[in-house]
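Novice: Sharing a structure below in structure tokens format, with a few things to ask.
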Amino acid sequence: MNKTASRTALLLLAAILAACTSKKPVKPAHPGQTLQPLPYRTPQPAGHPVPAGTTASSGDALYTAASYAALPQWPQQPFADSLASFLKGCEKLKARAEWQAVCAQAAQTPRDHTSARRFFEQYFTPWQVAGGGKAAGTVTGYYEPVLHGSATPSAQARFPIYGVPYDFVSVDLPAALRNSKATVRIRQTGQNSGVIDPAGAYTANLAAFPLNERSKALKGRFAGNRFVPYHTRREINGGALNGKAPVLGYAADPVELFFLQIQGSGRLKTPDDRYIRLGYADKNEHPYVSVARYMADRGYLALAQTDMQGIKNYMRQNPQRLAEVLGQNPSYVFFRPLPDNGDGPIGALGTPLTGGYSGAVDKHYITLGAPLFLATAHPETGRALNRLIMAQDTGSAIKGAVRVDFFWGYGDEAGRIAGKMKHTGYVWQLLPNGMMPQYTP
């Protein structure tokens, strides 16, 4: 996309979103409040914004610097809430040289909307992101679910929630072998780890593993003198892990457990009203496959009805198809127990997510931790949803330059909204002045 085309796309986007909001202006989610002022400190250097219209190409992505005036409804943003979410991410970002100054400045910025807006405008350059020549992408939603179940098995709760299996082994994969069909040797270095080593005792046929150009590890198990791919969902649901993995709890509903794995984290509510918080630990590395598409192709549900609620309702009415449908997605996630400190779940950045102000992205195109201005539609009202969120998470189904999973928060209400969300969206990545966007293999 050239500069003229990019500007045209921005003008068209502004017109579309203006039409979406002509019925009723969207108010900030949380009215601004001026909190206790922070002591004055010398401002950090802000650097110089990249001139609007500047382009940078990397991979199959095109990044175009924009002015804040090009971001729809920018002045109406609840900036203080966006700043609070950014500060959580700074716990990890501040260790990186290019983020140190902006994180230091964020920490001393007053927590009111005016000051927070000034901070973002002064310290960041917005870059519109396009992938494959297209500025439009897809925005979905996710949430932190609550499952009903028990810490111990019972007649009502009998579906195990597994931690990392005892025989599960992860082996770092060099970039040169990501698309290789070679046979390599593996040496075990720990219960759940190994390395590629010509002197290793086990052989691994890379052609047998579900690898792609992004694969960074082999996930498998030892079988005799071979290292083979780990069990699929169908095999695990059929009992392949019986006695071979720690069980963190038991879910009452296998479909709810399936969606817990898609979301990547959640809470298990026990009969005595206690909560066991569960976080992502690892996965079997088989590719994510959409059961919604499978159900639509088989005529089980119309494609328009294959949202989360539609799938849950169908499976409750057709339990005889449970193993068939869920088994279409071979990907399987293992969990770890987390302390429940009342904050959001931990995202891929390693910091808590904030409902309405965090999202999952493809970290190959978007810098993990960066502010992200998202222009899309609300899944229930259809009106414009324009929001400055933070790119603090990833997901196995989130692939592409303009692909965002919007985090709605915790509980059934968040899940109801998230399950309806699949809309066209546009993305601007905010980077510290002078930092250039790039694709990272």
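The values are calculated or read from the model by the stated rules, or taken from the named source; none is laboratory data. Just so it is clear, the structure is predicted and the values come from calculations on it, not from any experiment. Cβ placement follows ideal geometry from the backbone for every residue including glycine, while neighbour counts extend to all protein chains displayed. Heads up: the accessible areas ignore ligands, DNA and RNA and are worked out on the full protein's heavy atoms, side chains in. Shrake-Rupley method; radii C 1.70, N 1.55, O 1.52, S 1.80 Å.
Novice: Which residue fluctuates most in the GNM of the chain (Cα springs below 10 Å): Gly194, Gly400, Gly137?
Specialist: Looking only at Gly194, Gly400, Gly137, the largest GNM fluctuation is found for Gly194.
Novice: Another one. In percent, how large is the relative contact order of the chain, given Cα pairs closer than 8 Å and 6 or more residues apart? Show your work: numbers first, answer last.
Specialist: On the way: 939 pairs, mean separation 97.8, N = 441.
Averaging sequence separation for qualifying contacts and normalising by length gives 22 percent for the chain.
Novice: Sticking with this one: Skip the ligands, DNA and RNA, and give the accessible area per residue of the chain with a 1.4 Å probe, whole Å².
Specialist: Working: 19960 Å² over 441 residues.
Ligands and nucleic acids excluded, the result is 45 Å² per residue.
Novice: A follow-up question, please. Just add up the charged neighbours of Leu278: K/R +1, D/E -1, any other residue whose Cβ is under 9 Å from the Cβ of Leu278.
Specialist: On the way: positive: Arg267, Arg277, Arg336; negative: none.
Around Leu278, the surrounding residues sum to +3.
Novice: Of Ala377, Ala207, Ala391, which has the largest mean-square fluctuation in a 10 Å C-alpha GNM of the chain?
Specialist: Evaluated over the chain, the most mobile residue of the options is Ala207.
Novice: While we're here: Stokes-Einstein diffusion coefficient for the chain at 10 °C in a medium of 1.306 mPa s, Rh from the Kirkwood formula over Cα pairs: what value in µm²/s?
Specialist: Details: Rh = 23.4 Å.
Translational diffusion coefficient: 68 µm²/s.
Novice: Also, quick follow-up: Highest mean first, how do 292-304, 97-109 rank when packing is the count of other Cβ atoms within 10 Å averaged over residues?
Specialist: Values: 292-304: 14.2, 97-109: 17.6.
The packing order, highest mean first, is 97-109, 292-304.
Novice: Which of Asp172, Asp362, Asp81 moves the most in a Gaussian network model of the chain with Cα springs under 10 Å?
Specialist: Asp172
Novice: Identify the residues of region 410-441 with backbone N under 12 Å of a label point that sits 7 angstrom from the Cα of Arg96 along the Cα-to-Cβ direction, or state none.
Specialist: 430-432, 435-440
Novice: Enumerate the helices in the chain for which the Kyte-Doolittle hydropathy averages -1.0 or more and the C-alpha atoms extend at least 18 Å along the helix's axis, using complete DSSP H runs. Can you show the working numbers first?
Specialist: On the way: long enough: 3-20 (26 Å, 1.46); 79-93 (21 Å, 0.42).
Both cut-offs are met by 3-20, 79-93.
Novice: Now, a different point. For Gly53, which sequence-distant residues (separation of 5 or more, or a different chain) have an amide H within less than 5 Å of its own amide H, given hydrogens modelled in the peptide plane?
Specialist: Ala65, Ala66
Novice: Could you please state how large a percent of the accessible area of the chain is carbon and sulfur, counting protein chains only and using a 1.4 Å probe? Walk me through the intermediate numbers first.
Specialist: Numbers: 10370 of 19960 Å².
It is 52 percent, rounded to a whole number.
Novice: Also, quick follow-up: Thr189's amide H: which non-local residues (gap 5+, or another chain) put their own amide H closer than 5 Å, with H modeled 1.01 Å from N in plane and none for Pro or chain starts?
Specialist: Long-range HN contacts for Thr189: Gly194, Val195.
Novice: Excluding same-chain residues fewer than 8 positions from Lys134, which aspartates and glutamates have a Cα within less than 12 Å of its Cα?
Specialist: Asp60
Novice: If you count the DSSP beta bridges with both ends in the chain, what percent of them are antiparallel, to the nearest 5? All intermediate terms of the calculation are to be shown ahead of the outcome.
Specialist: Numbers: 65 of 80 bridges.
Taking every DSSP beta bridge with both residues in the chain, the antiparallel ones total about 80 percent.
Novice: If you restrict to DSSP beta bridges whose two residues both lie in region 153-241, what percentage is antiparallel, to the nearest 5? Walk me through the numbers before you get to the answer.
Specialist: Working: 16 of 19 bridges.
The antiparallel proportion sits near 85 percent.
Novice: For region 293-400, with the dipole built from +1 on Lys and Arg beta-carbon atoms and -1 on Asp and Glu ones, taken about the Cα centre, which of Gln305, Leu338, Phe373 lies farthest toward the positive end?
Specialist: Value: Gln305.
Novice: Further question on the same structure: Would you please give the residues with an amide H less than 5 Å from that of Tyr332, counting only those at least 5 places away or on a separate chain, with H modeled from the backbone geometry?
Specialist: Correct list: Asn284, Glu285, His286.
Novice: Counting only DSSP beta bridges with both residues in region 297-412, tell me the antiparallel percent, nearest 5. Present the calculation step by step, with values, prior to reporting the outcome.
Specialist: On the way: 10 of 13 bridges.
Of the beta bridges lying entirely in region 297-412, close to 75 percent run antiparallel.
Novice: Just how large is the dipole of the chain about the Cα centre, in debye to the nearest 20, putting +1 at every Lys and Arg Cβ and -1 at every Asp and Glu Cβ? Present the calculation step by step, with values, prior to reporting the outcome.
Specialist: Numbers: 46 positive and 29 negative charges, 102 e Å.
So the dipole magnitude of the chain works out to roughly 480 debye.
Novice: Could you give the distance between the Cα centres of region 277-323 and region 181-197, to the whole Å?
Specialist: For region 277-323 versus region 181-197, the Cα centre distance is 34 Å.
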